[in-house]
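Participant: Have a look at the structure that comes next, please.
The values are calculated or read from the model by the stated rules, or taken from the named source; none is laboratory data. All values derive from a computational prediction rather than experimental measurement. Neighbour counts are summed over all protein chains in view; Cβ atoms, including those assigned to glycine, are modelled from backbone coordinates with ideal geometry. When the accessible area is computed, the model is the full protein with side chains, heavy atoms only, and any ligands, DNA or RNA have been set aside. Shrake-Rupley method; radii C 1.70, N 1.55, O 1.52, S 1.80 Å.
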Amino acid sequence: MKILFIGDIYGDPGIDYLLENITYLRQTYQPNLIIANAENSANGRGINKKIYKKLMQAGISLLTMGNHTWKNPELKTFIEDSNIIRPINDGSNLGSGYKIMNYNGQKVLVINALGKAFMNEDYEPPFIMVKEVLDREIYDYALLDFHAETTSEKIAMAYFLDGKVDMMVGTHTHIQTNDDRLLDNGTLYLTDVGMTGPLEGVIGVKKEIIIDRFIHGQSRPNEVALGRRQLNACLFTLSPTKKIEKIHLEETHKLV
C-alpha cells in the first residue's frame, strides 16, 4: 500500500502545476491513493466546486482542508456529498472531520485536524478528538493531516499518536521540513509537507505585499504570487515495509 500526500495547493499556480505533473507522479511513485490539502486552492481562500471537480477528475482520492476551509462559502453547498474532509475540531456542523476510504478491501482512515497554538484558541482540543476517532472506528491504516502553525504542537501530536496512526503529516506552514522519519512505535511522520504553488512568493503570496506588511504593519490584500512554481509531497509506503519519502519538484529559471 502506497499513499501519496500532496502539500497545500495554493491558487491557480498550484492547481496547474499539480495537473501538469500528476502523470509523472503516478508513473514514478505508483501510489494506490492520492490525498491533497486544498484549503488554499481558490486563490488562497478555501475551495470551490469547479476546482473540486478538476482535482477529482485528475484522480485525487480525497481532499483535506484547514483554517481557510469556509473562506469560500460555496463549499457549504456541496461538502456533504464530496470527497472533502474539514478539520474535525473547527466547530462546524457541516461535512465530516474524517473519512474511511476502501482500497482493494483495505480500509484507510483519514483525519483532518487543526492546531490551536498561534491559530485560534477557540478551536476544540484536537488531541483527544483525534484519539476518540481512532479508538472508535475500524480500519487497516490511519493517516492524520494536522494543520497547525507550530512545529512543537505537530511533533507533540506525533508522539501522542505514535503507534495509533500509521501516518501523520503536518500542513499549513508551506515549508517542507527535513525530518521525515519512522517513530519508535511505527508512525511515519513529517512535520510539514510543504506547499504546491508559487515558488517565488512568501508562502504563496506576492512577496512585495508581505515585505511591505512586515515593514509598515499594513498592506493591501493578499495576491497569489507569479513566477516559477513548485510541488511538495510525500509518499507513505505501508507494506511490505514502512517508509516515508519526501518529494519536491520545481520549475527551473527561465532564460531571458
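Participant: Where does the charge balance sit around ILE209 when Lys and Arg score +1, Asp and Glu -1, over other residues with C-beta under 9 Å from its C-beta?
Facilitator: Around ILE209, the charge tally is +1.
Participant: Hey, could you pull the Cα Rg and Dmax for region 1-155, both in Å?
Facilitator: 15.0, 43
Participant: With angles folded into 0 to 90 degrees, how steeply does helix 11-29 sit against the dominant principal axis of the chain? Use alpha carbons for both and round to 10.
Facilitator: With rounding to tens, the tilt is 40 degrees.
Participant: What is the chain's relative contact order, in percent, from Cα pairs under 8 angstrom and six or more apart in sequence?
Facilitator: Once divided by the residue count of the chain, the mean separation gives 19 percent.
Participant: Accessible area per residue, 1.4 Å probe, Å², for the chain: what's the number?
Facilitator: Working: 11700 Å² over 256 residues.
Computed with neighbouring chains in place, this is 46 Å² per residue.
Participant: Based on the Kirkwood radius over alpha-carbon pairs, what value in µm²/s does the Stokes-Einstein equation return for the translational diffusion coefficient of region 135-202 at 25 °C and 0.890 mPa s?
Facilitator: 195 µm²/s
Participant: Using Cα atoms only, what is the angle between the long axis of helix 151-161 and the major principal axis of the chain, expressed in degrees (0 to 90) to the nearest 10?
Facilitator: Helix 151-161 and the main axis of the chain meet at about 10 degrees.
Participant: Mind checking the full-extension length gain between THR151 and GLU132? Use 0.36 nm per residue of separation minus the Cα-Cα distance, one decimal, nm.
Facilitator: 4.5 nm is the gain from fully extending THR151 to GLU132.
Participant: Please work out the C-alpha center-to-center distance from region 56-134 to region 1-51 and express it in whole Å.
Facilitator: 16 Å
Participant: In region 142-222, what percentage of the DSSP-assigned beta bridges are antiparallel, given to the nearest 5?
Facilitator: 25 percent
Participant: Where does the chain land at 222 nm, in deg cm²/dmol rounded to the nearest 500, when only DSSP H runs of n ≥ 4 count, each adding -39500 (n - 2.57), divided by all residues?
Facilitator: -7500 deg cm²/dmol
Participant: Taking the 0 to 90 degree range and rounding to the nearest ten, how far is the long axis of helix 126-136 tilted relative to the main principal axis of the chain, both from C-alpha atoms?
Facilitator: In the chain, helix 126-136 runs at an angle near 40 degrees to the longest axis.
Participant: Round to a whole number: what % of the accessible area of the chain belongs to carbon and sulfur, probe 1.4 Å? It would help to have the intermediate numbers written out before the result.
Facilitator: Numbers: 5720 of 11700 Å².
Whole-percent figure for carbon plus sulfur exposure: 49.
Participant: While we're here: What share of the DSSP beta bridges in the chain is antiparallel, in percent to the nearest 5?
Facilitator: Roughly 45 percent of the DSSP beta bridges within the chain come out antiparallel.
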